[in-house]
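Values quoted throughout were computed directly from the atomic coordinates according to the rules given, and no laboratory measurement underlies them. As the structure is a prediction and not an experimental result, all values here were calculated from the model. Here the Cβ positions follow ideal geometry from the backbone for every residue, glycine too, while neighbour counts run over all protein chains shown.
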Amino acid sequence: MKAVNRREFMAGVGGTAAVLAANSVRGGEPASERVRIGVIGVRGRGSELIATLVKDASAEIVAVCDIDDASFARPMKILESAGAKPARVEKDFRRLLDDRTIDAVFVAAPDHWHALLTVMACQSGKDVYVEKPVSHNIVEGRRMVEAARKYARIVQAGTQRRSSPEIAEALEIVRSGGIGKVGSARTWIVHKRKSIGHGSPGAVPAGVDYDLWQGPAVDRPFYSNRFHYNWHWFWNWGTGELGNNGIHAIDLARWGLGLDAPTSIVSSGGNFVLDDDEETPDTQVAVWRFPTAILVWEHRIWSGHPIDGSSFGVSFEGDQGTLVIGEREWKVVEGKSTAGGKIADPQAAHIANFLECVKSRKKPNAEIEIGHLSTRLCHLGNVAQRTGRRVDFDAASERFVNDAEADKLLSREYGKRFEMPVHV
């Protein structure tokens, strides 16, 4: 990754530099009673966030941004149905960063945009709610933490289970020794995805700014089966199923066991079932070795057969019982305790936590360093998968041990339009 100094970086973002300097006077001041919000990326997840935001009296959505004109109908309908004011529509995210009246942005663009948008938003004096996985790679994740600290911004990762009281109750049993000494945690997702098929280069759809969509990524020709949502399965833009859904379960395992960084990681898998263009594995098993336990992830995106009764989950395996957290409930099995219960959707609580922290300046439940450390595990699993061997990790330097090939995957090659600065 070539070095880019601050002046070069600011000059490359279309005149945002002056606004960033002006906004820096805001520092850590809280927003007004109603947090004025811009949402970036509204075709899918962004619209789901808007549907929750319109129900919170402390939020006001003032702008929505997307590179595809066809994506605006859904969020505008949500706002209209809720009786909310219509939001300003923008295709270029820089218009939101230039707007000094916006307090916070919600980043729901593809993975390859998460980190750079967060850093630029912090530099523009805005707080950030960034969807998971928080970054495309480990170096970018660390830049996000640095930017949040330097500019005194509130940055919440979209791992909403961090705001679930039911899950907090379950994990307290693990931490308090309720299932004895835990030597391993198992995480998973199994579900059937449709094949994306085999594509060929085609014309960019009308109303789509494909250059801006690719942003910091290396240029790739437009394929319809690599675009909306399907970008998840290509390394240039996505992080595979491990980053897409694995982050939720892995974050819970790390939270419950108080894990920091692993010493070694192995992964095995491949594209064994789906006959299509996907680069990321449709089948994967990854294992992280920590000083006190191992963590296992597995996914099969072609099978509907549940594990421990749930298509998604994490199990904490202790010598006095096992605690299983599924999609909608948790329970203790194979132990003396019969504790368990339902799990309510935590998204509203997670967003409310962020909005409150924007006003109070307290750290949110999934503060960006928490998000980075959990997302880091996903990246490490993918590096082991892509290199095809065990990799050893040094947490202090966030580099691999005597492994130049693996170190290359700590960051990424950038395209000609945007690049993450070395110093934020």
Base-10 log of normalised Debye intensity for the chain (one unit scatterer per alpha-carbon) at q = 0.08, 0.10 Å⁻¹: -0.43, -0.68
Cβ-based net charge around THR263, under 14 Å, with every Lys or Arg adding one and every Asp or Glu removing one: -1
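Starting from the Cα-Cα distance between ASP211 and HIS423, subtract it from 0.36 nm times their residue separation and give me the gain in nm to one decimal. Provide the component values of the computation, followed by the final result.
On the way: separation 212, 0.36 × 212 = 76.32 nm, distance 2.49 nm.
Full-extension gain reported as 73.8 nm.
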Cα centre as origin, Lys/Arg/Asp/Glu Cβ charges: the stretch 318-371 dipole, Debye: 280 debye
Cα centroid separation, the stretch 349-424 to the stretch 126-173 (Å): 11 Å
Cross-link pairs beyond the 23 Å C-alpha cut-off, checked among LYS181/LYS363; LYS55/LYS77; LYS150/LYS363; LYS126/LYS150; LYS132/LYS363; LYS91/LYS126: LYS181/LYS363
Neighbour-count order for GLU356, GLU413, GLU60, fewest beta carbons within 10 angstrom listed first: GLU413, GLU356, GLU60
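Would you order LYS181, LYS91, LYS150 from fewest to most other beta-carbon atoms within 10 Å of each residue's own beta-carbon?
On the way: LYS181 10, LYS91 16, LYS150 13.
Exposure proxy ranking, most exposed first: LYS181, LYS150, LYS91.
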Calculated on alpha-carbon atoms, Rg and Dmax of the stretch 119-222 in Å: 20.3, 59
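Given the Cα-Cα distance of ARG175 and ARG289 and 0.36 nm per residue of separation, how much length would full extension add, in nm? Mind showing how you got there, number by number?
On the way: separation 114, 0.36 × 114 = 41.04 nm, distance 1.90 nm.
Between ARG175 and ARG289, full extension yields an extra 39.1 nm.
Roughly how big is the chain's charge dipole about its Cα centre, with Cβ charges of +1 (Lys, Arg) and -1 (Asp, Glu), in debye to the nearest 20?
Numbers: 54 positive and 54 negative charges, 155 e Å.
Dipole size: approximately 740 debye.
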Taking only Cα atoms of the stretch 241-400, radius of gyration then Dmax in Å: 17.1, 51
CD proxy at 222 nm, helix term only [per DSSP H run n ≥ 4: -39500 (n - 2.57); per residue of the chain; nearest 500]: -9000 deg cm²/dmol
Chain lengthening between GLU356 and SER337 when straightened (0.36 nm per residue, less Cα-Cα): 3.3 nm
Environment charge at HIS379 (Cβ cut-off 12 Å; Lys +1, Arg +1, Asp -1, Glu -1): +1
